[in-house]
Ligand SMILES: [Zn+2]
């Protein structure tokens, strides 16, 4: 089984993706994390990605993305299903996932989209921090009280990602809307799109994903 999960920033897609990957024994393929890991490497590619995402706060270009994506894909055993998070996020990346794509060679069984109103995305994301060592996601008011605490899970320093400031969030939400529309339309037309309301609690959203996946298989 191969599943794609999409959604705007702050929709909770990361949390849902982890829960699903665990439940179905899928390889968790998170492009954001994969790119951040490569950005730590002392290679030409690593430095390029570091500069793009950590310093400029931009998305990597298509060629770079493609290189990292297929390298990671080639490292995943063919018999193991994959849960793709945040990819394909535009028409260029969608080409990798189409059935005639010889590079991919995997059939997508379902594409889940978690919807969340913009106002709520911004509200959620401005409270999000991550720890420096392990990227544990911490929400102010829930996991930590304020900015100056250490990570309760590992004790390392916490910070706000450069792309989690309100201005950046707005820009990225706009890009998300525009770029993922053709992706969503494509999977809807294939009859494998699962649309989910991201506003309820984590457990409720998880349950509604499971219910809709089950229906899709009937
Ligand atoms: Zn931590």
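Nothing in this text is a laboratory measurement; each read-out follows from the coordinates by a stated rule. Computed from a predicted structure; not experimentally measured. Counting neighbours? That spans all protein chains shown, and the Cβs are built from the backbone with ideal geometry, glycine included.
Things to note:
- Here the stretch 113-188 is treated as an ellipsoid with the same Cα gyration tensor; its semi-axes, largest first and in whole Å, are 29, 13, 11.
- Rounded FRET efficiency, nearest 0.05, which uses the C-beta distance separating residue 75 from residue 156 and R0 of 41 Å: 0.90
- One quarter of the convex hull surface built on the alpha carbon atoms of the chain amounts to 12.3 nm², the projected area averaged over directions.
- Taking the centroid of alpha carbons for each part, the stretch 64-86 and the stretch 180-218 are 22 Å apart.
- Helices in the chain, meaning DSSP H runs of at least 4 residues, each add -39500 (n - 2.57). Divided by all residues, the mean residue ellipticity at 222 nm is -13500 deg cm²/dmol.
- Paramagnetic label zone (point 7 Å from Cα along Cα-to-C-beta, residue 91; backbone N under 13 Å) in the stretch 105-146: none
- Shape class of the stretch 48-124 from the alpha-carbon gyration tensor: oblate, with a/c at 1.5 or above and b/c at least as large as a/b.
- Efficiency of FRET between residue 40 and residue 99 - r from beta-carbon atoms, R0 35 angstrom, step 0.05: 0.50
- Taking the DSSP beta bridges with both ends in the chain, the antiparallel portion is around 25 percent.
- Highest average first, the peptides 197-204, 22-29, 158-165, 5-12 ordered by how many other beta carbon atoms sit within 10 Å of their residues are 5-12, 158-165, 22-29, 197-204.
- Global form of the stretch 171-218, assessed from the alpha-carbon gyration tensor, a/c cut-off 1.5: oblate
- Once you reduce the stretch 140-174 and the stretch 21-58 to the center of their Cα atoms, the two points are 18 Å from each other.
- Fully extended contour minus Cα-Cα distance, from residue 55 to residue 145, at 0.36 nm per residue: 29.6 nm
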